[in-house]
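Only the coordinates and a few stated rules stand behind these numbers; no lab work does. These numbers were taken from a predicted model, which means no experiment stands behind them. Cβ placement follows ideal geometry from the backbone for every residue including glycine, while neighbour counts extend to all protein chains displayed.
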Amino acid sequence: MRVEEKELEGILASYLPVREEPYNAKVLEAMAYSYLAGGKRLRPRILEAVCAQYGLEPPLMWPFMAAIEMIHTYSLVHDDLPAMDDDVLRRGLPTCHVRYGEATAILAGDALLNRAYEVMLQACLHMEDKKAGLEAARALAAAAGSHGMVGGQSADMESQELESGSGEEVLAYIHAHKTGSILEAAFVMGGILARQPESVLQKLRKMGASMGMAFQIQDDLLDLVASPVELGKTNSDERNSKLTYVSVHGEEAAEAAVAACFKEVYQLLTDLRFGADGSLWALVQEMENRKK
Ligand code: GRG
């Protein structure tokens, strides 16, 4: 069952740490500021929809939904820092470091990451199937780390130094890891929590990988038509220097690649008997037609 939007926001908020003393108030405020700034909540929605497909009852998946959104939010807060993408706007608001200063933004990201693990491990303590909970948490940790999102971000940072022509392979790595890993985790964690066999998990992983690829290329295509202000940039220099699917393969090929990825996702949904009237199918359609 899919919870309503307002209820989802309440569920996500309920996993934030509670203020107990005045001394750490600033970092708590910065965490809440970025986490509750109203993103699309795509990753928790995917996790929820996969769990629902396999009959897993809420609220078992809620802490895992909150954890994946916390890790996603931490990555955005750190990605926006001057040392990385240097963005001034995120989710329609000033970025965390613009609002609270760089040191607090670093700490808020660190604290969201740690809170995500605390929330999942706390949930595992009370779960009947602790092994499934731990396996889901392990999958998210692996997806977020050096062989996942952080690895992809690192490759992306290094890619600015690449000689032209050597971009294709590294670009595939960046997409699969920086954007793909956490999306893949959203799909596979749902399957793990619902105790699905490895054959199903493999298909869920593939679905996540294709969604991740489509999502990133879409992002690059949307960036082409967005103004620097919409992009949260003070100027457009960076857009021109970035290695993207569009800069390597061209716009037409990028659009074709997005279409091919979605075709594969729909095929996998059909193979796994996710019906066209189900919430995951609707979510994929929403992503296919997204304008931001
Ligand atoms: C700093 C370790 C570290 C990693 C950063 C997520 C990320 C890795 C960078 C973001 C760069 C970026 C704009 C990638 C494009 C795809 C993407 C992840 C967009 C943001 O996700 P959405 O659209 O955001 O789901 P909302 O705000 O809706 O949650």
Computed, not fitted: 222 nm per-residue ellipticity of the chain from DSSP H runs ≥ 4 (each -39500 (n - 2.57)), nearest 500, equal to -21500 deg cm²/dmol
For region 11-63, which GluC sites (Glu not before Pro) pass both filters: DSSP loop (anything but H, G, I, E, B) and at most 10 other C-beta atoms within 10 Å?
E20
Quick one: P(r) of the chain from all Cα-Cα pairs, 10 Å bins, percents rounded to integers, in order of increasing distance.
6, 28, 37, 23, 6, 0
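Treating only the Cβ atoms of Lys and Arg (+1) and Asp and Glu (-1) as charged, compute the dipole magnitude of region 1-106 about its Cα centre; round to the nearest 20 debye.
Magnitude of the dipole: close to 200 debye.
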Cα-based Rg of region 10-56 normalised by 2.2 N^0.38 Å, two decimals
1.51
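Over region 5-288, calculate the relative contact order: mean separation of alpha carbon pairs under 8 Å at least 6 apart, over the residue count, as a percent.
In percent, rounded to a whole number, it is 19.
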Fewest first, what order do I106, I71 take by the number of other Cβ atoms within 10 Å?
I106, I71
Based on other C-beta atoms within 10 Å, arrange D220, D80 from fewest to most.
D220, D80
Taking the Cα centre of the chain as origin, sum charge times position over the Cβ atoms of Lys and Arg (+1) and Asp and Glu (-1), and report the length of that vector in debye to the nearest 20.
840 debye
Charged-residue dipole, Cβ positions (Lys, Arg, Asp, Glu), region 65-200 about Cα centre, Debye nearest 20:
720 debye
Listed with the fewest Cβ neighbours within 10 Å leading, S210, S199 appear as S199, S210
Please express the shape of region 37-131 as an equivalent ellipsoid: the semi-axes are the square roots of 5 times the eigenvalues of the C-alpha gyration tensor, given largest first in whole angstrom.
30, 15, 8
